[in-house]
Amino acid sequence: MSVFAFVFRLALGTSRRAAGLLAFLLAGLAAQEGSPFEVFLKGLEFRSIGPATMGGRVADIAVEETDPATFYIGMATGGLWKTTNHGASFEPVFDDQPTSSVGDVTLAPSNPDIVWVGTGEPQNRQSSPWGMGVFKSMDGGKTWAHMGLEDTHHISRIQIHPTNPEVVYVAAVGHLWGANPERGVYRTTDGGATWERVLYVNEHTGVI
């Protein structure tokens, strides 16, 4: 069997061992000056395909109900993205903030320009990044204000009152690897100026 036939047969396989051997053989063949593989590989560029693409995890999606073409996507470490054309293109709208880890994004039912973001990925694992509390935009993601709850670390859910956007509930997980009291459910009745903890179990129990 020729080397080229062997490489072709490896290309049809799906095992990691076959893929690794194929890459090794391609590299060796490419080193032979003037070979077909050298010409072929010259047109290729290296690119990252993971698995360390942490921003690739989608934490939450919020759709503007009156205009479904507009929606937001919150990423584990990739910030917040907005589309106004059904997802044909996306614009990053959270890049200037001190954290890029998003756990929840919620639009006010009475005014979709009011956008709340809870930071800190809630799909907890050994590589979960933590956040800095909650942020609010009054202009559809153009500008943001930090609204506190910084030590909650992971925000899993935000609920906004259907007719009064000043009333907001936040579910907080807290620190992943240690006890802390900033856990439970928080409520504001003044748009985030002040917070009241309305549900608390103990320093080891968070809310999702």
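The values are calculated or read from the model by the stated rules, or taken from the named source; none is laboratory data. Note that the structure is predicted; figures quoted are calculated from it, not measured. Using ideal geometry, Cβ is built from the backbone for each residue, glycine included, and neighbour counts are taken over all protein chains shown. All accessible areas refer to the heavy atoms of the entire protein, side chains included, with ligands and DNA or RNA removed. Shrake-Rupley method; radii C 1.70, N 1.55, O 1.52, S 1.80 Å.
For the reader, a short list of remarks on this structure follows.
- Single residue of the stretch 131-189 satisfying the filter (aromatic (F, W, Y) and closer than 21 Å to P92 by Cα) that is surrounded by the fewest Cβ atoms within 10 Å (Cβ to Cβ): W144
- Pick from the stretch 73-83, criterion in contact with a strand residue (DSSP E or B) (Cβ under 7 Å, 6 or more places away or on another chain) and assigned to a loop (DSSP other than H, G, I, E, B), ranking: farthest from R157 (Cα to Cα): G79
- Subset of the stretch 117-151 that is at pLDDT 95 or above and hydroxyl-bearing (S, T, Y) - its residue that is farthest from K82 (Cα to Cα): T119
- Pairs, first closer than 14 Å to V134 by Cβ in the stretch 99-123, second of a type in the set (K, R) and crowded, with 24+ Cβ neighbours inside 10 Å, C-beta under 6 Å, six or more apart: none
- Flag if V198 is at pLDDT 95 or above, more than 22 Å from D96 (Cα to Cα) and either of a type in the set (K, R) or touching a helix residue (DSSP H, G or I) at 6+ places or on another chain (Cβ under 8 Å) (or both): no
- Any pair with Cβ under 8 angstrom, 6 or more apart, that starts in the stretch 139-168 at a residue that is under 14 Å from D190 (Cα atoms) and ends at one that is acidic (D, E): E166/D190
- Filtered residues of the stretch 98-125 (kept if closer than 16 Å to I155 by Cα and open to solvent by 10 Å² or more (accessible area, probe 1.4 Å)): P98, T99, S100, T106, L107, P122, Q123, N124, R125
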